[in-house]
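First comes the structure, then the notes that go with it.
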Amino acid sequence: MLIAIRSVLFNLAFYISLIIQMILFLPLTLLLPRKKAWIVPKFWARSNLFLQKYIVGTDFVVEGTENLPEGAYICAPKHQSFWDVYAFLSYIPDPVYILKRDLMRIPLFGWYLKKMKMIPVDRGTGIKALHSISGGTQEAIADGRQIMIYPEGTRRAPGAPPAYKYGVVHLYMNLGLPVVPIAHNAGLYWPRRKFMRYPGTVRCRILPPIEPGLDKDTFLKRLMEATETACDEFLVQASQDKNPPPMPATAKTRLAELKAQGAKAADAVTDTAPKA
């Protein structure tokens, strides 16, 4: 019951804060040069993290910040929650998000997206969408910005089988930039399509960059293996916490699979061990 009350309070505070900040800071955002205007969305991101920590009890840890390159690169976070939309803004200096065009039409919010020169895409246009992404990223790369793309396109529940799209492969093959995967388990604490928010610690890891020059199949395999291995690790750790968050069905299934894999590996080691 207490968690439900805290969830309601946080959601109210989150959306009230968003509306107030969008109205209050709009003149400042429009007047400042784009790079300096980042002070506004980054403040908004930090305020969200503050509210979630002190209302719900959800903290977070980020490992691997030393893996972030200088200048332009492609950033490929796991997408489990709205949390991962803003949580990494403090670590990435000048990101440009590839996002649904419909978001640009939202009053106030869309104005901020236009000011920060985000790249809108019509998801249903197929090859045209890929061409529009390529065109929009060239200016960003010339300006030393970081291209933000969610490899799976939409939010996936923790433990769900990976469903990586071709968009990140297209960018990797055409832009000649390193790709930085980011793994986390935020979906356990801010579940998609639910108002509940759960206490605990979101674990995040910025993984070593995948350098340009690989063929597309090798690149995608490395991206998936690196991201999913870290996400599996965080899922197991969360399940073993003193007060673990509720596990969705996808997470329970994945935990059972990982347990079976561990038992099979242990049996294999036992079978190959020298006999006394």
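The values are calculated or read from the model by the stated rules, or taken from the named source; none is laboratory data. Just so it is clear, the model here is predicted, and its values are computed rather than measured. Each accessible area value is taken on the protein alone, full model and side chains, heavy atoms only, with ligands, DNA and RNA left out. Shrake-Rupley method; radii C 1.70, N 1.55, O 1.52, S 1.80 Å.
Decide, for the range 149-276, between rounded, prolate and oblate: order the square roots of the alpha carbon gyration tensor eigenvalues as a ≥ b ≥ c, take rounded if a/c falls under 1.5, and otherwise choose prolate if a/b is larger than b/c, else oblate.
oblate
Would you calculate the volume per residue, in Å³, of the smallest convex hull containing every Cα atom of the range 142-220?
Once divided by residue count, the hull of the range 142-220 is 123 Å³.
Show me, for the range 53-68, the HN-Hα J-couplings you get by feeding each phi into the Karplus relation (A = 6.51, B = -1.76, C = 1.60, θ = phi - 60°), rounded to Hz, glycine and proline as x.
5, 8, 9, 9, x, 9, 9, 8, 10, 10, 9, x, 4, 5, 7, 6
Write down the radius of gyration of the range 1-70 and its Dmax, each obtained from C-alpha positions, in Å.
For the range 1-70, the Cα-based Rg and Dmax read 15.4, 46 Å.
Explain nothing, just compute: Karplus ³J(HN,Hα) = 6.51 cos²θ - 1.76 cosθ + 1.60, θ = phi - 60°, for every residue of the range 104-117 in order, whole Hz, x for Gly and Pro.
Once θ is set to phi - 60°, the couplings for the range 104-117 become 5, 8, 6, x, 6, 4, x, 5, 5, 4, 5, 4, 7, 6 Hz.
Rolling a 1.4 Å sphere over the protein heavy atoms, what is the accessible area per residue of the chain, to the nearest Å²? Present the calculation step by step, with values, prior to reporting the outcome.
Values: 14160 Å² over 276 residues.
Per-residue accessible area for the chain comes out at 51 Å².
Please turn the phi angles of the range 243-252 into ³J(HN,Hα) values with the Karplus equation 6.51 cos²θ - 1.76 cosθ + 1.60 (θ = phi - 60°), one per residue in order, whole Hz, x for glycine and proline.
Each residue of the range 243-252 in turn: 10, x, x, x, 9, x, 4, 5, 5, 4 Hz.
Just to verify a number: what accessible area does residue 91 come out at with the full protein assembly present, 1.4 Å probe, Å² rounded to tens?
The accessible area of residue 91 comes to roughly 80 Å².
When a/c is below 1.5 the answer is rounded, else prolate if a/b is larger than b/c, else oblate, so apply that to the range 1-124 with a ≥ b ≥ c taken from the square roots of the Cα gyration tensor eigenvalues.
It comes out oblate by the Cα gyration axes.
Could you order 222, 105, 156, 193 by accessible surface area, starting with the largest, using a probe radius of 1.4 Å?
Ranked list, largest accessible area first: 193, 105, 222, 156.
Using a 1.4 Å probe over the heavy atoms of the protein chains, calculate the carbon and sulfur portion of the accessible area of the range 183-257 as a whole percent. Intermediate results must be reported in sequence, preceding the final value.
Values: 2040 of 3780 Å².
Roughly 54 percent of what the probe reaches on the range 183-257 is carbon or sulfur.
In whole Å, how far is the Cα centre of the range 158-219 from that of the range 35-62?
20
Run through the DSSP bridge list for the chain and note the antiparallel percent, rounded to the nearest 5.
Taking every DSSP beta bridge with both residues in the chain, the antiparallel ones total about 15 percent.
Heavy atoms only, 1.4 Å probe, whole protein assembly: order 51, 235 by accessible area, highest first. Let's see the in-between values first.
Details: 51 35, 235 10 Å².
The residues order as 51, 235, largest area first.
Can you list residues whose amide H is under 5 Å from residue 148's amide H, if they're 5+ apart or on another chain and H is modeled 1.01 Å from N?
Residues meeting the criterion, in which the H sits 1.01 Å from N, are 75, 96, 97, 98.
Probe radius 1.4 Å, ligands and nucleic acids left out: which of 168, 62 has the largest accessible area, and how do the rest follow?
Greatest to least solvent exposure: 62, 168.
Would you work out if the chain is rounded, prolate or oblate? Take a ≥ b ≥ c from the square roots of the eigenvalues of the alpha-carbon gyration tensor; rounded if a/c is under 1.5, else prolate when a/b is larger than b/c, oblate otherwise.
oblate
Using just the helices of the chain, give the 222 nm mean residue ellipticity in deg cm²/dmol: DSSP H runs with n ≥ 4 each add -39,500 (n - 2.57), and the total is spread over all residues, rounded to 500.
Taking each H run of at least 4 residues, the total per residue is -15500 deg cm²/dmol.
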